[in-house]
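*Asks:* Please find one structure pasted underneath; my questions will follow.
Every number in this text was worked out from the coordinates using simple rules, so none of it is lab data. Not measured: the values here are computed from a predicted model. Counting neighbours? That spans all protein chains shown, and the Cβs are built from the backbone with ideal geometry, glycine included.
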Amino acid sequence: MIRINHKPKEEDFTSIEITPLVDVVFLLLIFFLLTTSYINPSMELALPEARTAQLEDHVNPYTIEVDAHGSITINREPARLEDIEEIPLESEVLLMEDKTGPYGVFVEILDTLRKTGIEKVSIITDEKTD
């Protein structure tokens, strides 16, 4: 004869443990807050306007930005004029300068680009609206 013991289970599944869920939600919140704060840390530039501005596709270009005070960034990293010489020759360069920025710095950047032999240089402007 077979005996079957029916003992009540000690663990009842009447509640759900939410502590791991709260931990995951908290980590996701921190992740999204940190990533959204670094989305676009570029300089605020008031680009000059041009009627002949064209929209072109560029493949992995280097961006050089000059703000109103003459500070230079290359790919959104602070840089000096000498750092332009480290850009590979076959690269495309997008040059942006604030319309109130110093013209001398702009000319020095173009001169340095020409000395290093970089030929694919585009000057970025805003489209002029009447």
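*Asks:* List the trypsin sites (Lys or Arg not before Pro) within segment 56-130 that DSSP assigns to loop and that have no more than 10 neighbouring Cβ atoms inside 10 Å.
*Replies:* When the trypsin sites (Lys or Arg not before Pro) of segment 56-130 are filtered for loop state and at most 10 Cβ neighbours within 10 Å, R80 remain.
*Asks:* If you restrict to DSSP beta bridges whose two residues both lie in segment 49-127, what percentage is antiparallel, to the nearest 5?
*Replies:* 35 percent
*Asks:* Between K99 and E119, how many nm apart are label points set 7 Å from Cα along the C-beta direction?
*Replies:* Each label point is offset 7 Å from its Cα along the Cβ direction, giving 3.3 nm.
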